[in-house]
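Student: There's a structure below that I have some questions on.
Rule-based calculations on the coordinates, nothing more; no lab input. The shown structure was predicted, so the numbers you read here are calculated from the model rather than taken from an experiment. For neighbour counting, all protein chains shown are included, and Cβ atoms are generated from backbone atoms with ideal geometry for every residue, glycine included.
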Amino acid sequence: MNSIAISGSPRENVGKRDAKVLRYAGQVPAVLYGGKEQIHFSIDAPALRDLVYTPEVNFAELNIAGKKYNAVMQDIQFHPLTEKIQHIDFLQLFDDKNVTIDIPVKLTGTSPGVKEGGKLVQKLRKLKVNALPKDMPQYVEVSLEPLTVGKSVRVRDLKPKGFTITNVQEDTVVSVIMSRALKQAEQQAATPGKK
């Protein structure tokens, strides 16, 4: 998985007033947890762009006062009106410790059912993946090749290598349903003599 380098500054005070002052100065209050102790720090808001505003999931390589930490974004809060980032939480990663992250689904290939006029319906855009950081995939690939009209790919049909998908096994990831136009065409074909 890709990693994005982000520099942070330790926070002296950890109150609401301090957070407000930081935001006013273009900083985002942040917390790193999962290690021996929580680390409170702040980040320049523009430095978070590549990590936050992307459909991909990336690791963060945090540099806080010269100390480096591998982490993943765990939670983020936006201002309800301005959409500016208000706060961000990171979970520290360890090479020998599994972590669960929501990973995007990448659809590949062409569905024969769609070619016949069926409609592609993607139920899950992300899957919960559990793995060691080194085995975490950038995305989970789902092939559309076997999908004819009325068929689905469920979580149980996926064959992950080096990681585990923790969603309910019966959950549908993607399916091809009969479109209205295809239904009408079949009904017209089934009732001869009608025009």
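Student: Can you compute the FRET efficiency between Gln138 and Lys97 using 1/(1 + (r/R0)^6), with r the Cβ-Cβ distance and R0 = 25 Å? Round to the nearest 0.05.
Tutor: Result of the calculation: an efficiency of 0.80.
Student: For the cross-link pairs Lys68/Lys123; Lys106/Lys151; Lys97/Lys151, which exceed 28 Å when the distance is taken from alpha carbon to alpha carbon?
Tutor: Working: Lys68/Lys123 38 Å; Lys106/Lys151 18 Å; Lys97/Lys151 37 Å.
From the list (Lys68/Lys123; Lys106/Lys151; Lys97/Lys151), the Cα-Cα distance tops 28 Å for Lys68/Lys123; Lys97/Lys151.
Student: Along the charge dipole of the chain, pointing to its positive end and built from +1/-1 on Cβ of Lys, Arg, Asp and Glu, which listed residue (Ala131, Leu93, Thr110) has its Cα farthest out?
Tutor: Positive-most Cα among the choices belongs to Thr110.
Student: I want to check the label-to-label distance for Val14 and Lys106. Put each point 7 Å from Cα in the C-beta direction and report it in nm to one decimal.
Tutor: According to this spin-label approximation, the distance is 3.8 nm.
Student: Still on this structure, I have one more. Pop the C-beta distance of Ala5 and Gln184 into the FRET formula with R0 = 41 Å and round what comes out to the nearest 0.05.
Tutor: Here the calculated transfer efficiency is 0.15.
Student: Another question, if that's okay. List the aspartates and glutamates whose Cα lies under 16 Å from the Cα of Lys67, skipping any in the same chain that are fewer than 8 positions away.
Tutor: Of all the aspartates and glutamates, those that pass the test against Lys67 - Cα under 16 Å, at least 8 places apart if same chain - are Glu37.
Student: Here is a follow-up. As a test, work out the antiparallel percent of DSSP beta bridges whose residues both lie in the chain, rounded to the nearest 5. Numbers along the way, then the final one.
Tutor: Values: 36 of 50 bridges.
Among the beta bridges of the chain, antiparallel pairing accounts for roughly 70 percent.
Student: Given the options His87, His40, His79, which has the most mean-square fluctuation in a GNM of the chain, springs set between C-alpha atoms less than 10 angstrom apart?
Tutor: His79
Student: Then there's this: Under 12 Å Cα-Cα from Lys161, which aspartates and glutamates qualify once same-chain neighbours fewer than 8 residues away are excluded?
Tutor: Asp135, Glu141
Student: Divide by every residue of the chain the summed helix terms, -39500 (n - 2.57) for each DSSP H run of at least 4, and state the resulting mean residue ellipticity at 222 nm, rounded to the nearest 500 deg cm²/dmol.
Tutor: Computed ellipticity for the chain at 222 nm equals -3500 deg cm²/dmol.
Student: Hey, what did segment 61-123 get for relative contact order, percent, Cα under 8 Å, at least 6 apart?
Tutor: It comes to 21 percent, rounded to a whole number.
Student: Residue separation times 0.36 nm, minus the C-alpha to C-alpha distance between Glu56 and Lys84: what's the value?
Tutor: 8.1 nm
Student: If the viscosity is 1.002 mPa s and the temperature 20 °C, what Stokes-Einstein diffusion coefficient in µm²/s follows for the chain when Rh is the Kirkwood radius over Cα pairs?
Tutor: 109 µm²/s
Student: Turning to a different aspect of this structure: Report the Cα-based extents of segment 100-179 along its three principal axes, largest first, to the nearest Å.
Tutor: Taking the Cα atoms of segment 100-179, the three principal extents are 41, 21, 16 Å.
Student: Under the Kirkwood approximation applied to all pairs of distinct alpha-carbon atoms, what is the hydrodynamic radius of segment 3-93 in Å? Please list the in-between numbers first.
Tutor: On the way: mean 1/r = 0.0759 Å⁻¹.
Hydrodynamic radius (Kirkwood, Cα only) of segment 3-93 equals 13.2 Å.
Student: Still on this structure, please answer the following. Roughly what angle does helix 180-190 make with the longest principal axis of the chain, taking Cα atoms, 0 to 90 degrees, to the nearest 10?
Tutor: 10 degrees
Student: A further question on this structure: Just the number, please: percent antiparallel of the DSSP beta bridges in segment 3-93, rounded to the nearest 5.
Tutor: Roughly 70 percent of the DSSP beta bridges within segment 3-93 come out antiparallel.
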